[in-house]
Every structure is written in C-alpha cells, then in structure tokens.
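Asks: The following block contains the structure, expressed as structure tokens.
Rule-based calculations on the coordinates, nothing more; no lab input. Remember, predicted model here, so these are calculated numbers, not experimental data. All Cβ positions, even for glycine, are placed from backbone atoms using ideal geometry, and neighbour counts span all protein chains on display.
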Amino acid sequence: MAGLTLRSVIKNYGEVPVIKGVDLDIAHGEFVVFVGPSGCGKSTLLRMIAGLEDITGGEVKIGDRVVNDVEPRDRGVAMVFQSYALYPHMTVYDNVGFGLKLAGTPKDVRDKKIRDAAKVLQMEHLLDRRPAQLSGGQRQRVAIGRAIVRQPDVFLFDEPLSNLDAALRVDMRMELARLHHDLNATMIYVTHDQVEAMTLADKIVVLNGGVVQQVGSPLDLYNTPANLFVAGFIGSPRMNLISGSVAEVTPERLRIVSGPSSFWLEARGHGLAPGAEITLGIRPHALSVDPSGTLAGKVQLVEQLGNETVIRVLLAVGTEVTAVLAGQGVHAVGGPIALGFDAAAVHLFGADGNRIALSGD
Amino acid sequence: MKTATPNTLLARGLIILLMVVTLLPFLSMLSAALAPQGTYPNGLQWPEDPQWGNFIRAFEVAKMDQLLLSSVLIVLGVVPISVAIATMAGYGLAKLTSAKYKWVYLVFVFGLTLPFEAVITPLYYEVRALGLLNTRFAIILPLIGLYMPFGVYWMRAHFLNVPQDLTEAAQLDGATRWKEFLLVQVPLARPAIMSLSILLFLWTWNQFLLPVVLVQDPMQRTMAGALGAFQGQWGTDIPLLCAGSLLILAPTILLFLIFQRQFVAALMQGAVKG
Amino acid sequence: MSENTVSAPDVSQTALRRPSSSGRRKARLIAWAFVAPAAIAYAAFVLVPLCMSVYYSFLRWDGIGKARFHGLTNYITVLTDSDLLQIIGNAFQLVIYFSLIPVALGLAVASAIRSHMAGRFGTMTRTVLFLPQVIPLVAAGIAWSWMFASSGLVNQTLKAIGLSDWARGWLGDFVWALPAVGMIGAWVQLGLCTMLLVTGITKIDPSLYEAARLDGARAWHEFRYITLPGLRQEIGVCITVTVIAALASFDIVYISTQGGPGITTTVPGLEIYRLAFAHRQVGLASALAIVLMLLVLISIAPVQWLTRDKK
C-alpha cells in the first residue's frame, strides 16, 4: 500500500542526459500514465522505478523508503513488459508462480494464489500450456497474472498493449481499467498512444526530451495544455496551431491578427502588449463553417466519416488547419471556405511556447 | 521450375558419386577385415570365406573393453566440466558487452584459430610438472582449457540472442543472478548446450595429438590415440588392422547414426560459428 | 550504500549525483564470477603454455639440461633452413587439396541442386557425407593408407581400367605422396563443405534467379552474379575451416606417411612434435610453433575480412 515519490530524478547515459530532473508525486491507488513520443524517456523513467536502470541522480521513494540502491526484487514492484517476457520453457502455471517459488512460498499457498490470479484473468484453462501455444492476448494475461500474484505495491506497465491488434487492444484496455478498480493498486503505465493515456489514467504525465511537460488529469491536459508540446500531443486530430500577433489590448479584451484574419478575445491579466508574437491553438472540433468566419482559405482535402466530416483547409497565411465538422456536409476540393470558432475555445501560447492564461487567474 | 529437372538429375548423380567416394574406404576396409589372417588381401574383394572371427580377435588384441572405458572416462572428465564453465562464461560475457570489456571476449576468440601444436611442447612440461604425465588427467585438463575459446564463443552467441527482457523479468520476480542463470537461462540454452556437448564429445573422442604426446600407455588414451598405437603395432597385418580400426570406429558411428540429426546440425553450426 | 540515502531528506539537484551505483558494480562483479572458471582453465592450459612457447622459442634448450638464451636464431633458422621451408611449403600445398577440391565440388553440387535435400534421400546424403567428419582423422588415415597401398583399391581400379602403368605405392612415392595425403584431407572435408554450401544456396531467394533469367542471364552469369555472392559467407566458412585443417594437420600425416618419403610430406605440426620430443630441440620446435600460429592467423584474416557479412 504505497505511493511513489520522485525527486529531481536524473539519468545520464555516459555524457548524454536522458532524464533531466523529474519531480513527481503519485498517491496510493492512482493510475498514472507516462506518455510522450518515442525517445522521450518515459520507458527509462519506468525502468528506473523498477530498478532495471541505475539512477544517476535524485531519489526514488516507494512508500516511505528510498529505493535508489535497492535491488529490483526488493522494491515491491511488478512489471508487465512490452514483449511480455514470459519464460518460454515454463507452463503458464510456472510462469505465474515463478516469483513465489523463488520467494519460498509454500506450495499450497502458491497454488491458491496462482489459481486466484488465473480466475481474475479468466485464464484457468490455460495454466498447463506454454507461452508458444498462446495468442498475443493470452500472453498478455499471463504477464499480468505474473504481476498480480506477487501482490506488489506498484504495478509497472511498459507499453503492454502495443503488440496487440486494434480490437484486442480496446478489450485489454477495458480489462486493465477493471483490474485497477478491483485491485485498488498503484499502477504506472507507459504508452505513446494518447488514447490509452486519456482513457486509462487518473493522472497523465507528459514527457518530452527527458523533461516533464505537464502533469494532470486527462481533461486538465485537454482543456488547459501547459504548452505547445502538450497541446499538439493530446487530442486527436491534433490541435491547429496558427501563428499571429497581438494588435490591440484593452482592459477586457485582446485583438489578435493572423494574416488577414482578425478577432477579439475576452482576456484579462495576461500581461500581453501590442505587437507580441503568439501562437493560437484551436481544436479541430471547435471549428465550424461560417460564411462570416474570420479564417478564410481553400479546401484541400475532404474525408467523409459518416457521422462527421474532416476537412483540411489551407489558410491565407499559409497554415493548414483541420476542422472536424458535424454531419455530412458537401465541400468542393479547391473551393473557398470560411471557418469560424467560439472565442472561448481558443488557446493562446506565448513566444516561449507556454500557455497564456486569459481568464486572469 | 521446368528447367530444374535436368539439373536435379545431374545433382543427384553428383551426390551419389560423392557418397560412393565417401563410402568406398569403409567398404574396402571391411572387405580386408574379412580376409583370412596373414593373407595380403586386395583393395575391394569380397572374400570367399568371410572371417568374422577377425573382429573377435581384434577386440581381444586391442583390448576394446578397456579402451572404451578409458575413452568414456576421458569424455566424462572433459565434456561436462567444459560445457558447464563455458556456459557460465558465455552468459557472463554476454552481460559484459560494453566496449571496456570487449577485450576479454577477444582474448577468448583469439584461441579459436590456435593450432594445438602451438602449445603442445609447453603443455608437456606443464603436465609433467603437475605430475600428471601418463594419466588420463594429462588429456582431460588441457582439453578443458583448449575447448574454452570455442565453448565460450558458442555459448555467448546463444546468450546474446536471448531477449534482455527475460533477465529483467527474472530480476523482478526475485531471482538472483545465479538463480536466473540456473532456472531461466540454462533451460533455454538446452539446444545450444546439446550441440556443444556433441561437438566436444566428438573432438575429445577423436583427439590424437594430446594422447600421443602426453600419454604413453594406449589404455589411458582416447579411442583415436589408441588407434594410432594399434596401427603402430599391427600395421602390417592388414586384416587385423582393418578389423580393429572398424571396431574402434563403431561406437562413434553408432552414436552418429542414432543421433544423426543432432550431430549434423551441431557440426554444421559448429563450422559456421567456429 | 547507506551514506547516500542518509542525506536524502534535503535533496538538492546536485547533491545526489554519484559516479556509479553500487548495484552496477555488483552486477559486474557477478558477471566476472561467471567468467572466472573458464578464464582460469583457458589461462592455465592455453595462455600460459602459449607464453611459454614464445619464451622457449628464444632459447637453445634440449628439454633436460640448462637452457641458453638464443635470441632470434631459432626464428632465423625456421625462415632460412631449406628443409623447414619445404615443410612449411608442404602445408600450403595441402591447402590446395584440403580447401580447393571440397569447395569446388561443393559449389558444383550446390548450384546443380539449388533446393532443400528433403526426405529420405536428403537424410541419407547428410548421414553419409558427414561420416568422415565424425570419425577420427587417424581412422581416415588408416583407411586411406589401405586405399593407397600397392594392393589397395586405387591401384586395383587403375589396373581394372587398363592403367597398370599408373599403379604404384602412392604414399611411398616422392612425387605422389603429398598429393595423396592431400586427397585424404579432401575426402574428410568434402562432405562438410558440400552440405554447408547446399544449405547456403537454399537461403538465396529463388526469385533472384528468375529475375536474372528474365534479364537474359546465362547459367554462368547466374553462378557468377547470384550464387557466388550469395554464398560468400558459406564459402568463407569452408575456406577457413579447411585452411586451418591443412596448415595445422598432424593426425593424417602421422598415420599415413610419418612425413616420408624423405620429408616430402612432413608438415609443421609433425615437425614440431619431432623436434621437441625426438630431436630435443625445444627452442626450434617452439619457434616453428609460433610461426605456424602466425601463418594460420595471417591466412585466415583476409578470408574473414573478404567474406564478412557487409551489413
């Protein structure tokens, strides 16, 4: 029953820094997802928590215990690997029970725990088989079962679903959510798939280049991305980013121009002055066709999905934006179009890439 | 694929020719072994009255039972230990892959091309200093050392192919390095260990230079070494020599025929990797 | 370990940098422990003797009495003495038989068959062709001594086809003894090379041949531009194995000719044995041994380099 604390955690490979000082608090029972592009350090961070990678600097605490120099086996963690890492020469039963056997758990206790885990994962009929005889989804279950029987304080998942096909991935995702609910355990989950992150997490940690970009609930990240990276990474299709500048500032409002477009935003306490370079962020779903809309351009591509229509528009400023429109509208490729949006849905990012709060808080 | 037919015929012809060439020496020996004692037989000529008794006499003259025992003892002394320590070292070196430790591996690999003749003279003095001359240990101990380059090379290559994830999973499951090695790595390495055992068995059984130099008494030698002595002693009695040679060959050939698949696989991989 | 964790409560960015964690040092120690037994055996019975060989090679020593430092004299002898040079030359002549014949025949069979040898015929072929690899070289020597004997099968065959003039005691003939010994080696290596090359050729994508045929390639072109490059690695393996076998040969020569007649079939391996244990010239024997080792290395290096997988 333990949470997890990371303090100024650093990892260098030789001279190359891969984790550049991560601070993080994870409460007991939380489902935390590390997400980011490949090479961002999310797996490395997970492996440092597991004890599979040295910690160059900083401190990792599981519960109240500093575990920097504790062997992986003594950290009270269990891990599910991307490749599942099942022992090919052992049956499912022995795979699941290997850790208990090494710990010297009496045979009858062991047997009960293995069978309990198998029941939870609905794989009692697989216990006599070997990994080679199992499908991808079944192997996944065994790998999870191996983690469950050890009753760890913290479960670690390293891209566990990436080797499954799409349909199975959705099933396993739901199953993992159920498992988290049933076990009430702390889980840390690494993925590059933002949909997995959004659906599973209590708390998402977005990493890029070895630096935490933002920590928050899925909706926090979606609604108030802390910077351009998070804005571009969370949400599908990606948020449209359009460069522009501040034209006028009044106590209550801001006028933004981007090429020929110009519009007012309600804004207070932002500290922007006229002439400041900014980046506008507008989610594709926030755009709509509006003949009087301020974003004018040419239709480049139309994708009819039935329930909605995705169009790509080349704006006069030379930026391409994506709009997801409700229903099955008809748009001629190459034809002119004007897009409008609700000013409240606009995100503003400063020249440094960080979010500019517009509500004054 | 139509044009393949004449080629296949040609290939079959060639292969059958090769097989005949391979087998002829054995047949020629067999025909000579069955010739009456004291005669000087012809190359390949089925004797009118096959003297199967020659084999019995050769068995007694060559003291086949003692020879077999001696060879088995030597093999038992060499192969299990060599395989065990080569497997351990192969695993250790597969974990020490950083450039800083590459030299250890390179030192082992250097031994792959080393002709035994290059070290046989000092080995003689070393074995003599250890007081082991003319004992089976004079063959056993040096062979273990001489097999290390190949053994370590072979097992390391295997362990490099085992996913690192398994090691990590075992670590998280609470295995010490040693337990991981015994319970996870060794069972997985069984095919590689099997092939290595077969090769080392063959090389030991057939080892000639070491017995000739280090052990005078044929009864303390390997089969091949004993065969050399047998030829020295009975070289002029062709029927007896041929019968004795065939007898001495019989155990290996028998084993080979039984485990044909494993032997062939081991020899092919052994050549490729060596 | 505890030193590091005591200071934990007041963490600052730099306070916790440590050069190398104790965990990694321990892992390395354990890895060394795994390597140690093999390293000890290898050092004791290969590296130490090898160093002694180098040391002996600078001595004049009969193996019993007092040794005297002899400088490079032994090496100069090895490289200038006409007998010793002939002996080294013999080893290189054997390479022609041990390597060239098996590789050439193996290539011929492989390019003719160009498919898996499946079924009973395949199993039988493999079994038979591998027999010479399984038996001791000594046995090959005995068998062929009998084949090459004056009443042996070779002469019997020659007489049967009317070439009685050619019949002779092959292994006692000053001209023919070395080629005869070479043929024994070729016989031993033939099966292994053939099987390696046949297996290798099945790994070449057959569509390459079909594409070449569409491009108008003749059989020779297919061989030259597809088969040979495709088998580069396997050919390299065959040459490596057989060259080592030829240069370091001992068993076959010891059994079939004892190096005779004269020194026409003496090879370095046999000469080392004689010099060290019969003529009691330990220094010279060791110098020859070191030269042999270097010759093997020098001969193998270009083969390895040329046939390495160029990925």
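Asks: Pick out which of C:127, C:257, C:73 has the largest mean-square fluctuation in a Gaussian network model of chain C, springs linking Cα atoms closer than 10 Å.
Replies: C:127
Asks: Compute the separation of the alpha-carbon centres of region B:117-145 and region C:127-147 and state it in Å as a whole number.
Replies: When both Cα centres are located, 27 Å separates them.
Asks: Suppose we keep just the DSSP beta bridges with both residues in the protein assembly as shown; what percent of those would be antiparallel, to 5? All intermediate terms of the calculation are to be shown ahead of the outcome.
Replies: Details: 64 of 83 bridges.
Counting only bridges with both partners in the protein assembly as shown, antiparallel ones make up about 75 percent.
Asks: Quick check: from the Cα gyration tensor, does chain B come out rounded (a/c under 1.5), prolate or oblate?
Replies: On the way: a/c = 2.50, a/b = 1.48, b/c = 1.69.
In terms of gyration-tensor shape, oblate.
Asks: Considering only C-alpha atoms, what is the centroid distance from region C:234-286 to region A:213-234, in Å?
Replies: Taking the Cα centre of region A:213-234 as reference, the centre of region C:234-286 is 76 Å away.
Asks: Within 10 Å of each candidate Cβ there may be at most 11 other Cβ atoms; applying that plus a DSSP loop requirement, which chymotrypsin sites (Phe, Trp or Tyr not before Pro) in region C:93-183 survive? Write out the running numbers ahead of the final one.
Replies: On the way: sites: C:97, C:98, C:121, C:130, C:144, C:146, C:148, C:166, C:170, C:174, C:176; in loops: C:148, C:174, C:176.
Listed in order of number, the matching sites are C:174.
Asks: If you don't mind, there's one more thing I want to ask. Pick from C:94, C:295, C:50 the residue whose mean-square fluctuation is largest in a GNM of chain C, springs joining Cα atoms under 10 Å.
Replies: C:50
Asks: Hey, what angle do you get for helix B:238-258 against the long axis of chain B, alpha-carbon based, 0 to 90 degrees rounded to 10?
Replies: Roughly 40 degrees between the two axes.
Asks: Could you pull out the pairs from B:95/B:179; A:42/B:179; A:61/B:102; A:20/A:203; A:113/B:95 whose alpha carbons sit more than 25 Å apart here?
Replies: Values: B:95/B:179 15 Å; A:42/B:179 30 Å; A:61/B:102 36 Å; A:20/A:203 21 Å; A:113/B:95 33 Å.
As for pairs spanning more than 25 Å Cα to Cα, those are A:42/B:179; A:61/B:102; A:113/B:95.
Asks: Quick one: compute the contact order of region C:201-311, relative version, from alpha carbon pairs under 8 angstrom and 6+ residues apart, as a percent.
Replies: Numbers: 76 pairs, mean separation 29.2, N = 111.
Dividing the mean separation by the residue count of region C:201-311 yields 26 percent.
Asks: Give the angle, between 0 and 90 degrees and rounded to the nearest 10, that separates the Cα long axis of helix C:282-307 from the longest principal axis of the Cα atoms of chain C.
Replies: Here the helix axis deviates by roughly 80 degrees.
Asks: Now for a separate question. Using only alpha carbon pairs under 8 Å that are at least six residues apart, calculate the relative contact order of chain A and give it in whole percent.
Replies: On the way: 760 pairs, mean separation 54.5, N = 361.
Once divided by the residue count of chain A, the mean separation gives 15 percent.
Asks: Below 8 Å, C-alpha to C-alpha, sequence gap of six or more: please give me the relative contact order for chain B in percent. Before the final figure, lay out the partial values.
Replies: Working: 277 pairs, mean separation 82.1, N = 274.
About 30 percent, as a whole number.
Asks: Between region B:234-252 and region A:282-296, what's the alpha-carbon centroid distance in Å?
Replies: 97 Å
Asks: Kindly work out what percent of the DSSP beta bridges joining two residues of chain A are antiparallel, to the nearest 5.
Replies: Antiparallel bridges make up about 75 percent of those DSSP assigns within chain A.
Asks: A further question follows. Please compute the average number of Cβ atoms from other chains found within 10 Å of each residue's Cβ in peptide C:247-257.
Replies: That average works out to 4.
Asks: Would you tell me the mean number of C-beta atoms belonging to other protein chains that fall within 10 Å of each C-beta in A:148-155, as a whole number?
Replies: Working: counts 0, 1, 3, 0, 1, 0, 0, 0.
Mean inter-chain Cβ contacts per residue within 10 Å come to 1.
Asks: Between A:119, A:42, A:11, which gets the highest mean-square fluctuation from a Gaussian network model of chain A, Cα cutoff 10 Å?
Replies: Greatest mean-square fluctuation among the candidates belongs to A:119.
Asks: Does region B:1-134 come out rounded, prolate or oblate by the C-alpha gyration tensor, with a ≥ b ≥ c the root eigenvalues, rounded set by a/c under 1.5 and, if not, prolate when a/b is larger than b/c and oblate if not? Numbers along the way, then the final one.
Replies: Numbers: a/c = 3.03, a/b = 1.34, b/c = 2.26.
Judged from the Cα gyration tensor, region B:1-134 comes out oblate (a/c at least 1.5, b/c at or above a/b).
Asks: Measure nothing but the geometry: give the 0 to 90° angle between the long axis through the Cα atoms of C:22-42 and the longest principal axis through the Cα atoms of chain C, rounded to 10°.
Replies: The helix C:22-42 is inclined about 30 degrees to chain C.
Asks: From the backbone phi of region B:15-32, what are the Karplus-calculated ³J(HN,Hα) couplings (6.51 cos²θ - 1.76 cosθ + 1.60, θ = phi - 60°) in whole Hz, Gly and Pro given as x?
Replies: For region B:15-32, the Karplus curve yields 5, 4, 4, 4, 5, 4, 4, 5, 7, 3, x, 5, 5, 4, 5, 4, 5, 5 Hz.
Asks: Summarise the partner chain shielding of B:204-211 as one whole number: the mean count of Cβ atoms from other chains within 10 Å of each residue's Cβ. Don't skip to the end; give the middle numbers.
Replies: Details: counts 0, 3, 8, 4, 10, 8, 0, 0.
Shielding by partners across B:204-211 averages 4.
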